[in-house]
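These notes are about the structure you will find just below.
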2 protein chains.
Amino acid sequence: MSRPTKHAPERGNARTRLLEAARDIIRAKGYAAATVDDLCRVADVTKGAFFHHFASKDALGVAAAEFWTGETTAFFEAAPYHQPADALERVLAYVAFRKAIIVGEIAEFTCLVGTMAQEVYASSPDIRDACARSIFGHTATLEADIEAARRERGIAGDWTAASLARYTQAVLQGGFVLAKAGNDPELARESLDHLDRYIRHLFHVAEEDAK
Amino acid sequence: MSRPTKHAPERGNARTRLLEAARDIIRAKGYAAATVDDLCRVADVTKGAFFHHFASKDALGVAAAEFWTGETTAFFEAAPYHQPADALERVLAYVAFRKAIIVGEIAEFTCLVGTMAQEVYASSPDIRDACARSIFGHTATLEADIEAARRERGIAGDWTAASLARYTQAVLQGGFVLAKAGNDPELARESLDHLDRYIRHLFHVAEEDAK
DNA sequence: TGATAAATACCAACTGTATGGTATGTATCA
DNA sequence: TGATACATACCATACAGTTGGTATTTATCA
């Protein structure tokens, strides 16, 4: 995705700094309100550099979604919830992990591509599709564990692993919306407690005395 | 909220038409991208009329959230899910109703205040708070039925009626985000199937063979 | 190895238009 | 007569995008 050059300066090139700025600014005030000048100021580059690296603001939007995909993929691959040998435990550890990382400022734990998709789904199909790839690509990684847990434990029921994986994303995204509206991260964490209880129900395991 | 005057023209005054335009345009492309000119064009009023009724674009945002509260309150009060004598049946009927009205264009069934809150939560506290009142005011109406169902059926468990009511909103809002990203309303309906199954679990009732 | 061409990465200043908002007017109604 | 409900024309600024440059790196080849 990012074609590295020997050219590369020491502390990250302008393109990367612009993508990081986009990630932070768009999460804080949305895509439309994030102006090119905003991005350049935060990234400490000029407008000439912006339009050298991106053909348009929308092109940056697509690149920002792909950058987010790369960052989050690496982050979740390195996360500790993969450790349990038991597949269901990995799924529950995923939910617990998602809850645990809901800390600090709202803009720091909410989802860039969920925010962007909500805003541009109709006006910018390119960005929307990049967001969709990011979200549903992530759910696919969870789907494997859910499917394995189902086989291991011989669970029936009229739901699919893919559907449950998507549902975890829906609960997360919805929790973020509520946290933003109510200006309270606890609203997002609270949603994940219900999700945890639901998954334990589907797999017939007892609720743990959570935190 | 809307102080009617004898002045009033036949098909709704400029203020109301602007609020309806705001509702439709903001759901389609977000708050920031909805320009005052857009709103005036769709409402078929001039800019003078806009700034006669609203001190600023942000003031319109607040008014639009309140207008949405009024419309949705009336809509849900008139909805058929209140009919069952049994409180739990009313709760499940609410979820079924929310699923049933997810039809047509995405912009027609998604939530104005969820969209706005996601965008302006940090940059416009007034709008954010109006959105919060709309969302959490609505969850409060469901909370009563959940609490009644709990009493009627003697249900224990480490969750509150208020928390479950908020969770239904989170699932809805998250379903909308996924529907927008995937450009497919089914993604929102699917989330509600999981929610239905979860609620039945909490109240120890069997899953119905849903359509 | 060194000269040179070509590409890349970036910068400063600029442009046309869109934007939120204003100033000032008029018609209608109580 | 005074307030309300608009309309028209206007304004300063913010906006995405352009133009025309320079410095640096890489590729080519004698």
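Each reported figure results from applying straightforward, stated rules to the coordinates on display, with no laboratory input. Computed from a prediction, not measured in an experiment: that's the story for all the values here. Methodologically, a virtual Cβ is constructed for each residue, glycine included, from the backbone with ideal geometry; neighbour enumeration extends over all protein chains shown.
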Inset, instruction - Mind giving me the FRET efficiency for A:ALA144 and B:PHE51? R0 is 45 Å, r the Cβ-Cβ distance, nearest 0.05 is fine. - result: 0.20
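Normalised by the residues of segment B:1-154, what does the relative contact order come to in percent, with Cα pairs under 8 Å and at least six apart? Mind dumping the intermediate values first?
Numbers: 130 pairs, mean separation 40.8, N = 154.
Result for segment B:1-154 is 26 percent.
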Inset, instruction - In debye, nearest 20, what is the charge dipole magnitude of segment A:43-132 about its Cα centre with +1 on Lys and Arg Cβ and -1 on Asp and Glu Cβ, if you could check? - result: 100
Legend entry - Full-stretch length increase - B:ARG133, B:THR160 - with 0.36 nm per residue and alpha-carbon distance subtracted: 7.7 nm
Inset, instruction - Please identify, among A:ARG200, A:ARG98, A:ARG151, the residue showing maximal mean-square fluctuation in a Gaussian network model of chain A using a 10 angstrom Cα cutoff. - result: A:ARG151
Inset, instruction - Could you point to the residue in B:ALA140, A:SER163, A:GLY61 farthest towards the positive end of the protein assembly as shown's charge dipole, with +1 and -1 charges on the Cβ of Lys/Arg and Asp/Glu respectively? - result: A:GLY61
Legend entry - Peptide-level mean, for B:29-39, of C-beta atoms on other protein chains within 10 Å: 4
Legend entry - Unsatisfied cross-links (Cα-Cα over 27 Å) in the set A:LYS29/B:LYS180; A:LYS29/B:LYS99; A:LYS47/A:LYS99; A:LYS47/B:LYS180; B:LYS47/B:LYS99; A:LYS47/A:LYS180: A:LYS29/B:LYS99; A:LYS47/A:LYS99; A:LYS47/B:LYS180; B:LYS47/B:LYS99; A:LYS47/A:LYS180
Legend entry - Cα shape, the protein assembly as shown, gyration tensor, a/c 1.5 rule: oblate
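Please compute the contact order of segment A:97-197 in relative form: average sequence separation of alpha-carbon pairs under 8 Å and at least six residues apart, divided by the residue count, as a percent.
Working: 80 pairs, mean separation 28.3, N = 101.
Answer for segment A:97-197 is 28 percent.
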Legend entry - Amide N of segment A:185-204 lying under 20 Å from the label point, which is placed 7 angstrom from the Cα of A:ARG151 along Cα→Cβ: A:203-204
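Could you please rank B:GLU71, B:GLU105, placing first whichever residue has the fewest other Cβ atoms within 10 Å of its Cβ?
Working: B:GLU71 14, B:GLU105 11.
Exposure proxy ranking, most exposed first: B:GLU105, B:GLU71.
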Legend entry - Exposure proxy order (Cβ contacts within 10 Å, fewest to most) of B:HIS201, B:HIS138, A:HIS204, B:HIS194: A:HIS204, B:HIS201, B:HIS138, B:HIS194
